Amino acid sequence: MSDCLFCKIAAGEIPSNKVYEDESVLAFRDINPQAPVHILVIPKAHAADSAAQITAENSAVVARCFEVIAKVAAQEGLKDGFRVITNSGAAAGQTVPHLHFHILAGADMSDKLV
Ligand code: AMP
Ligand code: ZN
């Protein structure tokens, strides 16, 4: 999508602090980190705006993202644990309508929302 921030980041038109990249998935550090480690994992293609648009036709991108989440967690040494979040819709706090997963770690999250 031409006017999508994360499509532009995936295309390299907007710079990002990359931690992992392959042909279909990109992981980069969040510009406004909510934890000591805060990484975004996105499919490079605009497969869906959010989790609400996942279907049998496009769900493979979710599996690919989770493969990368495991790789990035190992690469970042998140052996004590990490949290994966995806916001779907404005009421959930989604600000960028391009499917993405937050990896959060390095803070005690044991008494938080979930
Ligand atoms: P969400 O609110 O779930 O849609 O997540 C969007 C995330 O993108 C937020 O945590 C923002 O801090 C992050 N973000 C916005 N612009 C950039 C950028 N240029 N580079 C890295 N992260 C960004
Ligand atoms: Zn996009």
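Per-residue ellipticity at 222 nm, computed for the chain from helices alone with -39500 (n - 2.57) per DSSP H run of at least four residues, works out to -6000 deg cm²/dmol.
Cβ-to-Cβ counts within 10 Å put 49, 80 in ascending order as 80, 49, the fewest first. The residues 9, 54, when put in order of fewest to most other Cβ atoms within 10 Å, stand as 54, 9. Listed as lacking a disulfide-compatible partner in the chain: 65, by the criterion of no other cysteine Cβ under 4.7 Å. Look at the alpha carbon pairs under 8 Å that are at least 6 residues apart: their mean separation over the length of the chain gives a relative contact order of 30 percent. Ranked for footprinting exposure by Cβ neighbours inside 10 Å, fewest first, 99, 113, 5, 78 give 113, 5, 78, 99.
If each residue of separation counts as 0.36 nm, what is the full-extension length gain between residue 31 and residue 107 once their alpha-carbon separation is subtracted? Write down the numbers at each step before the final one.
Working: separation 76, 0.36 × 76 = 27.36 nm, distance 1.73 nm.
Here the segment from residue 31 to residue 107 would lengthen by 25.6 nm.
Pair-distance distribution P(r) for the range 12-57, from all Cα-Cα distances in 10 Å bins starting at 0: 23, 47, 28, 3 percent.
Spin-label model, residue 57/residue 23: points 7 Å from Cα along the beta carbon direction are separated by 2.2 nm.
Using only the Cα atoms, work out Rg/Rh for the range 45-114, with Rh taken as the Kirkwood radius, to two decimals. Kindly include the intermediate steps, with their values, before the conclusion.
Details: Rg = 13.3 Å, Rh = 13.4 Å.
A ratio of 0.99.
Read-outs throughout are calculated quantities, based only on the coordinates presented, and are distinct from any laboratory measurement. The shown structure was predicted, so the numbers you read here are calculated from the model rather than taken from an experiment. With ideal geometry, Cβ positions are generated from the backbone for all residues, glycine too; neighbour counts draw on all protein chains shown.
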